[in-house]
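Below is one structure, written out as C-alpha cells; comments come after it.
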C-alpha cells in the first residue's frame, strides 16, 4: 500500500517521501481542470518512461517506452478522454516533454472504469520539480524516490490518497 496525505508525504514500505500534490490540494470530488489531486483508493496502471533518460528501470508493473507522439487525452468531449493516444493536437497532454517531469509516469487508475466525462484525467505519479511546486493534479516525486518505490510495488499495490 502507498499512502499519500495532504501535507505532501508519501509512505511506502515504512519509508516516508516528500511529494508534490495538486496546486489546489486534494479533492474528494475531483473535476477536470481543478488542479486538485483526487482522494480515494486506486490501483496503479502502467509505467511509461523515456528510454533515452531512464536506464534499467526495475518494476513489477507493465512498462511502456514513451514515443514522441504519445499523449493522454484531457478533452472531455473527445472519445479518447482519459486514455493514451497518439497526436499532434495541442489540446492533449504530451508525454514526451522537455522539462523531464514525464521521464517516468505511473498511471493512477483514477476515472478509468468507467470513464466519466469531466471527472478528471491524466492523473499520474511523475517526477517533481526541484522545489516540489504544485501539479495539475498528479503526485510528483524526486527521481530516486520514484525509482525506489517502483522496485517494490506489485501489480496489486494500491495507492490511498487522503484528503
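All of the numbers you see were taken from the coordinates with simple rules; none came from a lab. Predicted model only: the values in this text are computed from it and were never measured. For neighbour counting, all protein chains shown are included, and Cβ atoms are generated from backbone atoms with ideal geometry for every residue, glycine included.
Remarks
- In this label model, residue 117 and residue 99 are separated by 2.9 nm, measuring between points 7 Å along each Cα→Cβ vector.
- Cα shape, the range 25-163, gyration tensor, a/c 1.5 rule: rounded
- Alpha-carbon centroid distance for the pair the range 17-39 / the range 65-108, whole angstrom: 19
- Tensor-based shape of the range 68-135 (alpha-carbon gyration tensor, a/c under 1.5 rounded, otherwise prolate or oblate): oblate
- Rounded, prolate or oblate (a/c below 1.5 giving rounded, otherwise prolate when a/b exceeds b/c) for the range 4-83 by Cα gyration tensor: oblate
- Compared with the direct C-alpha span, the chain from residue 46 to residue 23 gains 5.8 nm at full extension, assuming 0.36 nm per residue.
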